[in-house]
Amino acid sequence: MGQKYLKVASVYLTIGVLAGIIMGIIHDFRLTSVHAHINLLGWVSMALFGLIYHFYPQAANSKLAKTQFWFHNIGVPVMLGGIAVQVITGSNAALPVAIIGSLVVVVGVILFTINLFKHIGKDSNYDSNNKFSA
């Protein structure tokens with residue numbers, strides 16, 4: 001699970017950097033909020049999920065982790081698309097799409113939190129003194 005998250009995170013990093021460069025080149029910063037969400041929910045959050053799941057494989061191998069992965073990876077692009085359409089068109093027609101995507105992300109984050117509380121401290125690769133064991 002950690003590797004999947006890190007790979008997806010790197011795609012979002014690339015998209016976020018390219019979006020920032022393109023906005024700067026064309027001097028059109030209307031999609032700044034989309035750019036920020038790509039970087040925060042796509043790159044940063046997913047990279048952290050990936051690293052955390054790497055260090056806590058018991059949490060990574062749970063059904064909660066797999067469910068959370070899909071909630072986050074469906075919710076983020078849906079939310080970003082809804083926000084982008086609103087900004088570009090100036091219409092609130094895509095507001096429900098952005099809201100639905102956002103709520104899916106929130107559910108995914110809640111699942112992540114539940115998963116960590118359920119599994120952290122139970123992983124055989126990490127001892128009670130927070131040192132890795134061989």
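The chain: longest stretch without exposed trypsin sites (Lys or Arg not before Pro) (DSSP loop, at most 10 other Cβ within 10 Å), sites themselves excluded?
1-121
Hey, what number do you get for the chain at 222 nm if only DSSP H runs of n ≥ 4 count, each worth -39500 (n - 2.57), divided across all residues, to the nearest 500?
Helix contribution divided over all residues of the chain: -24500 deg cm²/dmol.
Can you give me the span-like helices of the chain, meaning DSSP H runs with 18 Å or more of Cα extent along the axis and Kyte-Doolittle mean at or above 1.6?
95-119
What nm distance separates the two modelled labels at VAL87 and SER10, each placed 7 Å from Cα along Cα→Cβ?
Calculated label separation equals 2.6 nm.
What relative contact order, as a whole-number percentage, does the chain give when Cα pairs under 8 Å and 6 or more residues apart are counted?
Across the chain, relative contact order equals 26 percent.
How large is the translational diffusion coefficient of the chain in µm² per second when you combine the Kirkwood radius over alpha carbon pairs with Stokes-Einstein at 20 °C and 1.002 mPa s?
135 µm²/s
Within the stretch 1-84, list the chymotrypsin sites (Phe, Trp or Tyr not before Pro) lying in a DSSP loop whose Cβ has at most 15 other Cβ atoms in a 10 Å radius.
Passing sites in the stretch 1-84 are PHE29.
Every read-out reported here was derived from the displayed coordinates using simple, explicitly stated rules and does not represent laboratory data. It should be emphasised that the depicted structure is a prediction, and the values quoted were computed from it without experimental measurement. Methodologically, a virtual Cβ is constructed for each residue, glycine included, from the backbone with ideal geometry; neighbour enumeration extends over all protein chains shown.
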